[in-house]
């Protein structure tokens, strides 16, 4: 879906697939070399905290967490990938101050079809989330993997049926290993979110991997298959969020769905308009937790970024009771 964000008046993603692919190659060729699958600060000598015990309680500290005084740090982690054997596939990672820890939640963020991981960084998502972490009193890691492929196909954050690219495998396995390393989080501390095609991926991937994620935030997502590049071939229904809800193993994933009131971005069948309402109804029918937001605006970051306070409150509520308290609390 959305084969050209330039058609959709997005302030920060007005590029064609050719430009997006060129951005990928430039980022891969001009960025730093591979980073080991662990926090660079831990590699520099900081002792890695022990994993938190199951059931450890969270103690939000509004206005008192480290990110209130010091911004998060950005790095580009590169993961070996057959499609880029020399440079690897990049992930933008933003970590709050201090050492990494297995009790520090992680939010994986997926970009749109013509976007990149750096588009999310350049949109100011890191500082905006820092502000919300300070306000809510819970810090978390942000990890935005690169989901394009060199030929310019709409990957739909999936593995191609002909095996040309394996983006779903990258996100659900390799990215988790690279970002979390030996400090693997329990699913209760792992969430996934995304914008447009990324909003679709943020619904499809946790439903396909309910053991990995406990929460999902979909900004301007769609919840049926929209596969213009034929990524899934004749197996598209296996990737449709509205069909994946039939899986009996999918029971306790919390969803937030955000859709701009003026968003009428075209899909192959219909448009994004009404998708949040339709999918929330399906979730409610199955007794699953869901919140919806309908901000003013269309298919743009201008509509999505103002919803970050509600999104962080939603995630914090889900993480409550699961992360360890800070020393001295």
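The values are calculated or read from the model by the stated rules, or taken from the named source; none is laboratory data. None of these values were measured; they are calculated from a predicted model. Please note: Cβ atoms are built from the backbone with ideal geometry, for glycine as well, and neighbour counts cover all protein chains shown.
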- Message: Among the numbered criteria (1) in contact with a strand residue (DSSP E or B) (Cβ under 8 Å, 6 or more places away or on another chain); (2) in a loop (DSSP other than H, G, I, E, B); (3) at pLDDT below 95, which one does residue 318 miss?
- Response: (2)
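Can you work out which of the residues in the range 193-217 that are under 16 Å from residue 267 (Cα atoms) and in contact with a strand residue (DSSP E or B) (Cβ under 7 Å, 6 or more places away or on another chain) is surrounded by the fewest Cβ atoms within 10 Å (Cβ to Cβ)?
Across the range 193-217, the extreme among qualifying residues is 198.
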- Among 275, 291, which is at pLDDT 95 or above, under 25 Å from residue 140 (Cα atoms), surrounded by 15 or more Cβ atoms within 10 Å (Cβ to Cβ) and within 22 Å of the chain's Cα centre (by Cα)? 291
- Message: Suppose we keep only residues that are under 18 Å from residue 236 (Cβ atoms) and touching a helix residue (DSSP H, G or I) at 6+ places or on another chain (Cβ under 6 Å) within the range 159-192. Which one would you say is surrounded by the most Cβ atoms within 10 Å (Cβ to Cβ)?
- Response: 159
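Check every one of the strands (runs of 3 or more DSSP E) wholly within the range 200-294 and list those with 3 or more residues that are closer than 26 Å to residue 165 by Cα.
Of the strands (runs of 3 or more DSSP E) lying wholly inside the range 200-294, those with at least 3 residues that are closer than 26 Å to residue 165 by Cα span 215-219.
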- Note on the structure: Filtering the range 93-128 down to residues that are farther than 21 Å from residue 187 by Cα, within 16 Å of the chain's Cα centre (by Cα) and not in a helix (DSSP H, G or I) yields 111, 112, 113, 114, 115, 116, 123, 124
